[in-house]
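The values are calculated or read from the model by the stated rules, or taken from the named source; none is laboratory data. This structure is a prediction, so every number in the text was calculated from the model and none was measured. Cβ coordinates were reconstructed from backbone atoms using ideal geometry, including for glycine residues, and neighbour counts include every protein chain displayed. What goes into the accessible areas is simple: the full protein's heavy atoms, side chains included, and nothing from ligands, DNA or RNA. Shrake-Rupley method; radii C 1.70, N 1.55, O 1.52, S 1.80 Å.
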Protein chains: 6
Amino acid sequence: MFRVTRRYRFAASHRLHCAQLSDERNQQLYGKCNNPYGHGHNYEVEVSAWGPLNASGRAVDAERLDELVNRQVLEPFGHRNLNADVKSFEHVVPTSENLAVEICRRLKENWSGAFPGEWPKLDRVRIAETARNIFEVKAHEIE
Amino acid sequence: MFRVTRRYRFAASHRLHCAQLSDERNQQLYGKCNNPYGHGHNYEVEVSAWGPLNASGRAVDAERLDELVNRQVLEPFGHRNLNADVKSFEHVVPTSENLAVEICRRLKENWSGAFPGEWPKLDRVRIAETARNIFEVKAHEIE
Amino acid sequence: MFRVTRRYRFAASHRLHCAQLSDERNQQLYGKCNNPYGHGHNYEVEVSAWGPLNASGRAVDAERLDELVNRQVLEPFGHRNLNADVKSFEHVVPTSENLAVEICRRLKENWSGAFPGEWPKLDRVRIAETARNIFEVKAHEIE
Amino acid sequence: MFRVTRRYRFAASHRLHCAQLSDERNQQLYGKCNNPYGHGHNYEVEVSAWGPLNASGRAVDAERLDELVNRQVLEPFGHRNLNADVKSFEHVVPTSENLAVEICRRLKENWSGAFPGEWPKLDRVRIAETARNIFEVKAHEIE
Amino acid sequence: MFRVTRRYRFAASHRLHCAQLSDERNQQLYGKCNNPYGHGHNYEVEVSAWGPLNASGRAVDAERLDELVNRQVLEPFGHRNLNADVKSFEHVVPTSENLAVEICRRLKENWSGAFPGEWPKLDRVRIAETARNIFEVKAHEIE
Amino acid sequence: MFRVTRRYRFAASHRLHCAQLSDERNQQLYGKCNNPYGHGHNYEVEVSAWGPLNASGRAVDAERLDELVNRQVLEPFGHRNLNADVKSFEHVVPTSENLAVEICRRLKENWSGAFPGEWPKLDRVRIAETARNIFEVKAHEIE
């Protein structure tokens, strides 16, 4: 059994703001991340999958994984404003936690299209928002 | 003579768009960076200064430099949208080149307040927009 | 369930020396790390906690974690000599393993002051002594 | 219980090619990695071991681990062509997955010579082929 | 005046060997880098250009630079054996110094095709063979 | 003409304190770096030399440079307390600026023993005290 991880990068902007809460409460909860016009990051996303080695000595077909991540993550999120451009964040605050959940959910939902066999399985998604903040969710924790 | 460099980081968002040009021309010039709702980066800024060693074995007072960079750069730009929040980019496209010029100009204008003596002098400002793109301007090139 | 990791840095010095052992034995055990006047490192500390997402889309309140780590780790250890300045290492050799145990113990003991609810829980502490040496302990392994 | 990780680096070349398959199939499977004269990488290898702290406050004797990794990995693989110079890859395609298996197998087979006691145990081997591709195998998964 | 740097990566293999010299002399000169079947690296190439800012706030058109570097460097060198696959190294030892010269020469020769105006100019090429070895040549030093 | 840079690392401790000054003045000048028992760093040292390519396609003999840096820098400074163990800092405060001067002076004084010909010449010494602080001196500035 093998774990393979690939790293991807995209740049996006976001604002942490919850429409149901007052401006004061939002400011208190999210601080500078609540500034009205938003800010942004170079997100680094690690996608890990695991499985046995196949006959050609590989555990994960990197080309298929790249194609899946490009279509589901890098194209819809890259160079975008997460609040304004991504429908999933219309009613969900785009914290890095929610972003990791959303990325993991998209990969999980479309996994069998890219990897039709029993293996590899999606293991986890990890996002570094900055070099100091890392957010990680296991695929089996996501419904 | 010594060159001392300190690295700072801030997260901000921007949109590359020139109001005087048509939408098509903007799209052609700036590509994905012209997306209407903007995107963002973790900017890494290197500020270099140079001078002789003083009696305490230092070339640059790091505390003063930090105070200057905080006041002129990190506070006004950090967790902000450069187009909407920073007056200097009202009529100037916030490319990383223009951002470097603006940072360098601010430090140069306020340098003598922080460092009243002949030394150290501001040498250059260098911005890494992502790990792959680096922009660098010499202080003496800025008027 | 989410795992959130934050990275912190501090510079400190130490000497690996065990008072109960002979000088020869100390030299044999710790080599250059036993040099009488000590040496130092830029320690990088990763603190990981885990828990469910709350209503504001966060798993760990970063401000509270920073405040806890500042008070318990960065202030008492940063710019210090671990052997001479930190009481915990009066009779304990400040290897990076023992340093990780001590940091983990301090965070665990003071965790409920910072995070009074059921979640998040402290998961693990990881120390990079240099870019080549990493030491990791799980909070539940520490009494 | 402690986990200690040490990072090692070596430069080697390889070609992904399976003698039992046709040239077309090899090209399809391995793409540019099948180019006839091979290519190379700066491999970064992380070896993790775990165990309790001994009386001198250490979990793993770094000198012994270095000696083992030097003899079993860095000397036979460093500055070598994996296909032509390493007998283990005579009939096994040197993908990074197979390379990780081979490194893990060598360390496991020779572990008790270097660490004769019950502890530490080899935990896992992790290889970064490039900054974007990471391959990881647990020692207990290897026979 | 601005300096813009972009970073590129490619993996290749090489052998340091000079056909005019004896095997003993080659071994003495190049050590492990002379091993008969070669070895490889993940080369990191920095290309720096400089020039004034144009009306759209840019000093270098990144798309054109990428296209030039892809065509002249990444495609012919990436996933290749420099000795066997690149004609320029038929009679020239592919040390990283010579590799930097060759890359710089190719960019310089084809520069005016990509950048027909007076600006930007190619400034320098810098290659990191490993994280510890950096080789740098100025464009004006190359004929 | 070529510039070649090699990176070295060593861990050491130091205290910033000037015996001629009062304790208050020392505290004011050096802040936490004046703490009585010292602290430490993982210093990263870059040594750059330049020269023409020789017949074997190299600008600097890496083995000789390593031997010189080992003997003059890594052995006397590594795992040492700079104030107590290095005679050069008996009356000189071991700021990173003075450390860079001292390293550059040692390399310059012993350069012709390692490199007896006209080339390569020592260009500069650069020290990263932490990832955020870089100190750089040109060899020709040192007497």
**Complete:** Rounded to one decimal in nm, the spacing of the 7 Å Cα→Cβ label points at B:Ala131 and C:Glu109 is 3.8
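Structure shown: which of C:Lys108/C:Lys138; E:Lys32/F:Lys121; F:Lys108/F:Lys138; A:Lys108/A:Lys138; B:Lys108/E:Lys138; E:Lys32/F:Lys108 lie over 21 Å apart, alpha-carbon to alpha-carbon?
Those over the limit are E:Lys32/F:Lys121; B:Lys108/E:Lys138; E:Lys32/F:Lys108.
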**Separation in nanometres of the label points that stand 7 Å from Cα toward Cβ, at E:Ala84 and F:Gln28** = 7.0
**Request:** Could you work out the per residue convex hull volume over the alpha carbons of chain C, in cubic angstrom?
**Result:** 111
**Prompt:** Out of B:Ala19, B:Ala114, B:Ala55, any idea which swings most in a Gaussian network model of chain B, alpha carbons joined below 10 Å?
**Reply:** B:Ala55
**Message:** Over chain C, with the other protein chains present, what is the accessible area per residue in square angstrom, probe 1.4 angstrom?
**Reply:** 44
**Request:** Kindly write out, for segment E:133-143 in residue order, the coupling ³J(HN,Hα) from the Karplus curve 6.51 cos²θ - 1.76 cosθ + 1.60 (θ = phi - 60°), rounded to whole Hz, with x marking Gly and Pro.
**Result:** 10, 10, 10, 9, 9, 8, 4, 6, 7, 8, 8
**Asked** If all Cα-Cα distances of the protein assembly as shown are sorted into 20 Å bins from 0 onward, what percent lands in each bin, rounded to whole numbers?
**Response** 13, 46, 38, 3, 0
**Item:** Loop GluC sites (Glu not before Pro), segment A:22-111 (other Cβ atoms within 10 Å of the site Cβ: 11 or fewer; DSSP)
**Value:** A:Glu90
**Prompt:** Tally Lys and Arg at +1 and Asp and Glu at -1 over the other residues with C-beta under 10 Å from the C-beta of C:Asn133: what net charge comes out?
**Reply:** +2
**Prompt:** Ignoring ligands, DNA and RNA, what percent of the 1.4 Å accessible area of segment E:1-102 is carbon and sulfur?
**Reply:** 48
**Prompt:** At a probe radius of 1.4 Å, what is the per-residue accessible area of A:Asp123, in Å² to the nearest 10?
**Reply:** 20
**Prompt:** For segment C:100-112, in order, what is each residue's ³J(HN,Hα) by Karplus, 6.51 cos²θ - 1.76 cosθ + 1.60 with θ = phi - 60°, in whole Hz (x at glycine and Pro)?
**Reply:** 5, 4, 5, 4, 5, 4, 4, 5, 5, 4, 9, 4, 5
**Request:** Quick one: with label points 7 Å out along Cα→Cβ, list the inter-copy distances for D:Gly117 in nm, shortest first?
**Result:** 4.4, 4.4, 5.3, 5.6, 7.0
**Fill in**
With x for Gly and Pro, the residue-by-residue ³J(HN,Hα) of segment A:44-60, computed from phi through the Karplus equation 6.51 cos²θ - 1.76 cosθ + 1.60 at θ = phi - 60° and given in whole Hz, is 10, 10, 9, 10, 10, 10, 9, x, x, 6, 8, 4, 8, x, 10, 9, 9
**Request:** Using a Gaussian network model of chain E whose springs link C-alpha atoms within less than 10 Å, name the residue from E:Gly78, E:Gly31, E:Gly57 with the highest mean-square fluctuation.
**Result:** E:Gly57
**Asked** Shortest first and in nm to one decimal, what separations exist between D:Ala131 and its copies in the other chains, measuring from label points 7 Å along the Cα-to-beta-carbon line?
**Response** 0.4, 1.1, 1.1, 1.1, 1.2
**Request:** Hey, can you grab everything whose amide H is under 5 Å from the amide H of D:Tyr37? Only 5+ residues off in sequence or another chain; H modelled, so Pro and N-termini drop out.
**Result:** E:Asn81
**Message:** For A:Arg9, what residues show an amide H to amide H distance below 5 Å, using hydrogens built from the backbone and excluding near sequence neighbours?
**Reply:** A:Val45
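Given the rule -39500 (n - 2.57) for each run of at least 4 DSSP H residues, summed and divided by the residues of the protein assembly as shown, what is its mean residue ellipticity at 222 nm, to the nearest 500 deg cm²/dmol?
-8000 deg cm²/dmol
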**Item:** Label-to-label distance, nm, for residues given as A:Ala62 and C:Ala19 (7 Å Cα→Cβ offset)
**Value:** 5.5
